[in-house]
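Undergrad: I'd like to ask you about the structure that follows.
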Amino acid sequence: MQKLLKYMLVAVLLLLGGILFYKKIYIPKSTYETAISKKGDLSVEVFGIGNVGAKYIYSITAQTGGKILSILTDEGKWVKKGDLLITIDSVDIPQLIDEANLSMRKSNLEWVASKKELKSLFAQKHLAQITYDRYVKLKKQSFVSKAEYDKAKADLDVIEAQISVTNAHIRSAKMEVERTQKAVEALKQKLARYKIYAPVDGVVIARSAQVAQTVLPSQPILKIVDPKDVWVNAYIDEKISGSVKVGEKANITLRSQYEKYFKGTVKRIVAQSDAVTQEREVNVAFDTLPMPFYINEQAEVRIASKTYKDVVKVPLKALAYYKEKTGVWTEDSGKAHFVPVKVLGRGHSEAAITGLANHTKILIGSEKKKPLKEGVDVH
């Protein structure tokens, strides 16, 4: 009796174990997600991965060496064209400008004085000419001595010589005025190099120097990007890049916002491919730039290069490979059946195919499920 009870208990345990295995393991393992094939249009996408970049990145450099007195902006800040960004210590240039201005004023005064002196000499010459002409007539009539005549002639000659000298002084003073003017302008231009202004409206994306730091000529201090120039430098395999054209629409995904899609447009295709990676660079601009944006952030682009009209579509995850053929698994009377298909093109989440009827129930395999085979039971 005890043996019988023992056998019955073992049998019950085995039965319970079998039921538990069937419900908890076998049924879930052989239960598959399904989808229905449907007709419609499909945009085939070319995929590429790259980084956020820009057509132009403006490097703001020191035009002359010196100590930085102020930096009036920082990374992430907006600036407008013409805004003062950086001031560098100009040392003694303002004093040199003051000295040059004094020299210019002095030269100008000398020039003015020489012109007034010339005007006075012309008046004296006019009077001396009248006196000389009168003495010429009187000498012919023997009313004046030769000494008086010679004195009148000498007075006129002296005045003419003074006029020549004064004209030379005027020319020299004018040249000195022009020289000092150019010296002042040159110093002002030099002084202007110690103040650096924004070349465009944009966003500061990098700052590589600090206040009180001494910089060398042409040393970078800031980098600015015009948001209108921001795009994605995407790299696409040469095998699939041939269908991409400038002007085609694209979807952009940023690594920091992987759940969002940003609309974009192909703006440029770089003419030279990378000989090592065999990829081609394609520049895709944002239709509406996400703010804030980050240069060099990883990004993915999907370019709609072709559209198939009124074709049968299935989910990409429904495509399977069985006995070296591409196809889909369908369900017929609780059994799995493999249907080979021809893939026309692949979109973001769907594929356009031929060889399968519209409204066909499709099985979607999974690594967590029992492998699908021809004729296997499915739920």
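Undergrad: Filter the range 254-272 down to residues that are of a type in the set (Ser, Thr, Tyr) and more than 19 Å from the chain's Cα centre (by Cα) and give me whichever is nearest to Asn296 (Cα to Cα).
TA: Ser256
Undergrad: For Ser107, all conditions in the list (1) assigned to a helix (DSSP H, G or I); (2) exposed (fewer than 13 other Cβ atoms within 10 Å of the Cβ) hold save one; what is the number of the exception?
TA: (2)
Undergrad: Residue check: is Glu297 under 24 Å from Asp226 (Cβ atoms), in contact with a Gly (Cβ under 9 Å, 6 or more places away or on another chain) and either surrounded by 12 or more Cβ atoms within 10 Å (Cβ to Cβ) or of a type in the set (Phe, Trp, Tyr) (or both)?
TA: For Glu297, the condition - under 24 Å from Asp226 (Cβ atoms), in contact with a Gly (Cβ under 9 Å, 6 or more places away or on another chain) and either surrounded by 12 or more Cβ atoms within 10 Å (Cβ to Cβ) or of a type in the set (Phe, Trp, Tyr) (or both) - is not met.
Undergrad: Follow-up. Which condition breaks for Val282 when tested against (1) of a type outside the set (Asp, Glu); (2) more than 19 Å from Tyr258 (Cα to Cα); (3) modelled with pLDDT under 90?
TA: Unmet for Val282, out of (1) of a type outside the set (Asp, Glu); (2) more than 19 Å from Tyr258 (Cα to Cα); (3) modelled with pLDDT under 90: (3).
Undergrad: Considering only residues that are outside any strand (DSSP E or B) and either of a type outside the set (A, V, I, L, M) or farther than 24 Å from Asp377 by Cα (or both), which ones fall in the range 356-366?
TA: Asn358, His359, Thr360, Gly365, Ser366 - these are the residues of the range 356-366 that are outside any strand (DSSP E or B) and either of a type outside the set (A, V, I, L, M) or farther than 24 Å from Asp377 by Cα (or both).
Undergrad: Still on this structure, please answer the following. Are any residues in the range 273-286 over 19 Å from the mean Cα position of the chain (by Cα) and under 12 Å from Tyr235 (Cα atoms), and if so, which ones?
TA: Ser273, Asp274, Thr277, Gln278, Glu279, Arg280 - these are the residues of the range 273-286 that are over 19 Å from the mean Cα position of the chain (by Cα) and under 12 Å from Tyr235 (Cα atoms).
Undergrad: Further, regarding this structure: Can you name the residue in the range 315-355 that is surrounded by 19 or more Cβ atoms within 10 Å (Cβ to Cβ) and outside any strand (DSSP E or B) and, of all such residues, is nearest to the chain's Cα centre (by Cα)?
TA: Gly347
Undergrad: Only one of (1) in contact (Cβ under 8 Å) with a residue 12 or more places away in the chain; (2) part of a helix (DSSP H, G or I); (3) within 44 Å of the chain's Cα centre (by Cα) is not met by Pro199, so which one is it?
TA: (2)
Undergrad: Inspect the range 202-214 for any residue being in contact (Cβ under 8 Å) with a residue 12 or more places away in the chain, β-branched (Val, Ile, Thr) and in a helix (DSSP H, G or I) and give the result as yes or no.
TA: So far as the range 202-214 goes, no, none of its residues is in contact (Cβ under 8 Å) with a residue 12 or more places away in the chain, β-branched (Val, Ile, Thr) and in a helix (DSSP H, G or I).
Undergrad: Are any of the residues in the range 218-240 touching a helix residue (DSSP H, G or I) at 6+ places or on another chain (Cβ under 8 Å) and in a strand (DSSP E or B)?
TA: Within the range 218-240, not a single residue is touching a helix residue (DSSP H, G or I) at 6+ places or on another chain (Cβ under 8 Å) and in a strand (DSSP E or B).
Undergrad: Let me ask something else. Checking the condition among the polar types (S, T, N, Q), at pLDDT below 95, surrounded by 11 or more Cβ atoms within 10 Å (Cβ to Cβ) and closer than 30 Å to Asp41 by Cβ, which residue from Ser305, Ser273 passes?
TA: Checking each option against the conditions leaves just Ser305.
Condition check ((1) modelled with pLDDT of 90 or more; (2) acidic (Asp, Glu); (3) closer than 30 Å to Val215 by Cβ) across all residues:
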position	(1), (2), (3)
Tyr58	yes, no, yes
Ile68	yes, no, yes
Lys81	yes, no, yes
Asp89	yes, yes, yes
Arg134	no, no, no
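Undergrad: Separate question: Among residues belonging to the range 74-89 that are touching a Lys or Arg at 6+ places or on another chain (Cβ under 8 Å) and crowded, with 19+ Cβ neighbours inside 10 Å, point out the one that is nearest to Lys223 (Cα to Cα).
TA: Only one residue fits best here, namely Ile86.
Undergrad: Looking at the range 287-306, which of the residues that are touching a residue at least 60 places away in the same chain (Cβ under 8 Å) and of a type in the set (Val, Ile, Thr) is nearest to Lys239 (Cα to Cα)?
TA: Ile303
Undergrad: Name the pairs whose Cβ atoms lie under 9 Å apart, with the first residue in the range 348-367 and free of Cβ contacts under 8 Å to residues at least 40 places away in the same chain and over 12 Å from Val328 (Cβ atoms), the second crowded, with 16+ Cβ neighbours inside 10 Å and not hydrophobic (A, V, I, L, M, F, W, C), and 6 or more positions between them or separate chains?
TA: Going by the 9 Å Cβ cut-off, the qualifying pairs are Ser349/Pro315.
The values are calculated or read from the model by the stated rules, or taken from the named source; none is laboratory data. The structure displayed is predicted, hence computed values, not measured ones. Glycine gets a Cβ as well: all are built from the backbone with ideal geometry, and neighbour counts include every protein chain shown.
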